[in-house]
Structures are given as C-alpha cells and as structure tokens.
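The values are calculated or read from the model by the stated rules, or taken from the named source; none is laboratory data. Computed from a prediction, not measured in an experiment: that's the story for all the values here. Backbone-built Cβ (ideal geometry, glycine too); neighbour counts: all protein chains shown. For accessibility, only protein heavy atoms count, side chains too; no ligands or nucleic acids. Shrake-Rupley method; radii C 1.70, N 1.55, O 1.52, S 1.80 Å.
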Amino acid sequence: MNPSVLNPTVSGIPVEYILILACIVFTIGVAGVLFRRSAVVIFMSVELILNSVNLVFVTFSKALQQVQGEVIVFFVMAIAAAEAAIGLALVVAIQRRKKTSFVDEMNLMKW
C-alpha cells in the first residue's frame, strides 16, 4: 500500500492541520454572522466561511492529486467576488437612505 495514502501531506504539512485551520476559520465566520450587527462585518464573515471551504477544497485536491477541487475553488471565488460587490453596493445604498448599517435597524421590506 502507498504510504502517502495513509499519511497524506500537502507541501509537507499534514492534512489534519490544514483541516483544523479551516474549521477554526469557519467557526470564526459563523460566529461573526450570528453575533455581529453590522452588515459589513456580516459580509466579511461570509467571506471567511467561503474561504475556509475553499481551503478544504484545495487541501483535498492537492492531497488526492486531483484538479477538480481547484476548479471548484475558482468558481466559488468568482461567486464570492460578485456577492461582495453586490452586497457592498446594497449596504452603501441602505446606509445613504437609513443612515445606519446595523442589520437590526434595516426594515425596508416591512409595509
């Protein structure tokens, strides 16, 4: 049996360490979405979540020597860039209208 299958590494770093880092970044992102009130901080937390998922994709792509994970990361990054641009534009528009960027005070959809 191939010993690299039993103990996979990416550039000499064990896969477990990279997955632990991705888990920590994902947890920080989820905590930011759940506990922060500013829309800009919430968007940054969503970006952290997406980046942690990208880290997992790249890690397994490199460990398994497949290219599919890196292709998925390319598309996730494109979607994240579009989400950041549209989200920031919405936050700026709401900031100008409501004079706040706190999510609790944004009730534009109410009648």
> Do you know which of the residues in region 25-59 that are in a helix (DSSP H, G or I), touching a helix residue (DSSP H, G or I) at 6+ places or on another chain (Cβ under 8 Å) and open to solvent by 90 Å² or more (accessible area, probe 1.4 Å) is farthest from PHE102 (Cα to Cα)?
Replying inline: ILE28
> Between a first residue in region 91-103 that is in contact (Cβ under 8 Å) with a residue 40 or more places away in the chain and a second residue that is among the charged types (D, E, K, R) and surrounded by 11 or more Cβ atoms within 10 Å (Cβ to Cβ), which pairs have beta carbons less than 6 Å apart while being 6 or more apart in sequence or on different chains?
Replying inline: PHE102/ARG37; VAL103/ARG37
> Which is out of contact with any Pro (no Cβ under 7 Å at 6 or more places or on another chain) and either in contact (Cβ under 8 Å) with a residue 40 or more places away in the chain or hydrophobic (A, V, I, L, M, F, W, C) (or both), of GLY87, GLY69, GLY29, GLY12?
Replying inline: GLY87
>> I'm trying to understand the selection: among the residues of region 4-24, which are part of a helix (DSSP H, G or I) and either polar (S, T, N, Q) or touching a strand residue (DSSP E or B) at 6+ places or on another chain (Cβ under 8 Å) (or both)?
In response: SER4, VAL15, ILE18
> Is it fair to say ILE28 is more than 28 Å from GLN95 (Cα to Cα) and at pLDDT 90 or above?
Replying inline: no
>> Name the single residue that is modelled with the highest pLDDT among those in region 63-104 being assigned to a helix (DSSP H, G or I) and of a type in the set (S, T, N, Q).
In response: GLN68
>> Please go through region 76-95 and give me each residue that is open to solvent by 60 Å² or more (accessible area, probe 1.4 Å), closer than 26 Å to LEU55 by Cβ and touching a helix residue (DSSP H, G or I) at 6+ places or on another chain (Cβ under 9 Å), ordered by number.
In response: MET77, ILE79, LEU88
> If you check ALA93 against the conditions, is it over 30 Å from PRO8 (Cβ atoms) and of a type in the set (Gly, Ala, Ser)?
Replying inline: yes
